[in-house]
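The values are calculated or read from the model by the stated rules, or taken from the named source; none is laboratory data. The structure presented is a predicted model; accordingly, all values stated were derived computationally and were not measured. Because the Cβ atoms are built from the backbone with ideal geometry, glycine has one as well, and the counts that use them run over all protein chains shown.
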C-alpha cells in the first residue's frame, strides 16, 4: 500500500516537472537544465515502478536506491533553476517540498526493507 502511495507521488511529481520544464522551454528558451531535470525527475517514478518487478530483495533495494539518487539529482537541478531565476521562490518551495517528501519516503522504504533483508541474510 505504501509503495503505491510513493509511486503515485512520484508520478505526480514527474507530471509537475514535465509541465514546469515545458513552460520554461517555451517562455525562456532554456533547455540544458530542464532536459537534465526532466530525465532525473521522471526517472524517480520509473525506477519505483520497475522495483515492483524486482528479481528479489537485493534487486528491489538497488532499484529504490537508484530512485533515491535521481531524487537527489532532481533537487540539485531545481535549486539551480531557482537560483538562476527560471523558477520563482514560491514554485521552487512547492516542488522542492514534494521532492523532499518523496526522498524521505524512499529512505524509509529502503531502510525498512534493508533491515529485513539483513536480518534474513538473503
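Some notes on this structure:
- Residues that are touching a helix residue (DSSP H, G or I) at 6+ places or on another chain (Cβ under 9 Å) and surrounded by fewer than 17 Cβ atoms within 10 Å (Cβ to Cβ) within the stretch 29-41 comprise 30, 31, 35, 39, listed in sequence order.
- Unique match (being out of contact with any strand residue (DSSP E or B) (no Cβ under 7 Å at 6 or more places or on another chain), farther than 20 Å from residue 116 by Cα and touching a residue at least 60 places away in the same chain (Cβ under 8 Å)) among 18, 24: 24
- Sole exception among (1) touching a residue at least 40 places away in the same chain (Cβ under 8 Å); (2) assigned to a helix (DSSP H, G or I); (3) over 15 Å from the mean Cα position of the chain (by Cα) for residue 30, by number: (2)
Per-residue answers, yes or no, for (1) at pLDDT 95 or above; (2) more than 23 Å from residue 8 (Cα to Cα); (3) touching a helix residue (DSSP H, G or I) at 6+ places or on another chain (Cβ under 8 Å); (4) in a helix (DSSP H, G or I):
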residue: 43; (1), (2), (3), (4): yes, no, yes, yes
residue: 78; (1), (2), (3), (4): yes, no, yes, yes
residue: 85; (1), (2), (3), (4): yes, yes, no, no
residue: 106; (1), (2), (3), (4): yes, no, yes, yes
residue: 118; (1), (2), (3), (4): no, yes, no, yes
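- Restricting attention to the stretch 60-76 and to residues that are in contact with a helix residue (DSSP H, G or I) (Cβ under 8 Å, 6 or more places away or on another chain) and more than 18 Å from residue 33 (Cα to Cα), the residue that is surrounded by the fewest Cβ atoms within 10 Å (Cβ to Cβ) turns out to be 65.
- Every residue from the stretch 87-97 that is part of a helix (DSSP H, G or I) and crowded, with 16+ Cβ neighbours inside 10 Å: 91, 92, 95, 96
- Subset of the stretch 42-59 [farther than 20 Å from residue 119 by Cβ, surrounded by fewer than 15 Cβ atoms within 10 Å (Cβ to Cβ) and in contact (Cβ under 8 Å) with a residue 24 or more places away in the chain]: 52
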